[in-house]
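The values are calculated or read from the model by the stated rules, or taken from the named source; none is laboratory data. In this text, all values refer to a predicted model and were calculated from it rather than measured experimentally. Here the Cβ positions follow ideal geometry from the backbone for every residue, glycine too, while neighbour counts run over all protein chains shown.
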Amino acid sequence: MGSKYTEAQKKASQKYMANNLDEIKLRVPKGEKEVIKAHAEKYDGGSVNAFIQRAIAETMERDNTK
């Protein structure tokens, strides 16, 4: 039986995100989203967000060592 997401939990989550996170919208060509999701499932536990964060961090690190 799945747990219910209460309004209080939803409000707390939204407050946390507003206070602690920035949001970036990303647009990709049609069909690319599914390719990215499949890659994330294979290498990042299914989290597209984790995959994108890792890709950015690795690219920035590589760029900063040039």
Which ones in segment 1-33 are of a type in the set (D, E, K, R) and surrounded by 10 or more Cβ atoms within 10 Å (Cβ to Cβ)? K10, K11, K15, E32, K33
What's the total number of residues in segment 1-18 that are under 17 Å from the mean Cα position of the chain (by Cα) and among the polar types (S, T, N, Q)? 2
Filter result for T59 (polar (S, T, N, Q) and either within 13 Å of the chain's Cα centre (by Cα) or modelled with pLDDT under 95 (or both)): no
Of (1) surrounded by 10 or more Cβ atoms within 10 Å (Cβ to Cβ); (2) over 15 Å from the mean Cα position of the chain (by Cα); (3) of a type in the set (A, V, I, L, M, F, W, C), A38 fails just (2)
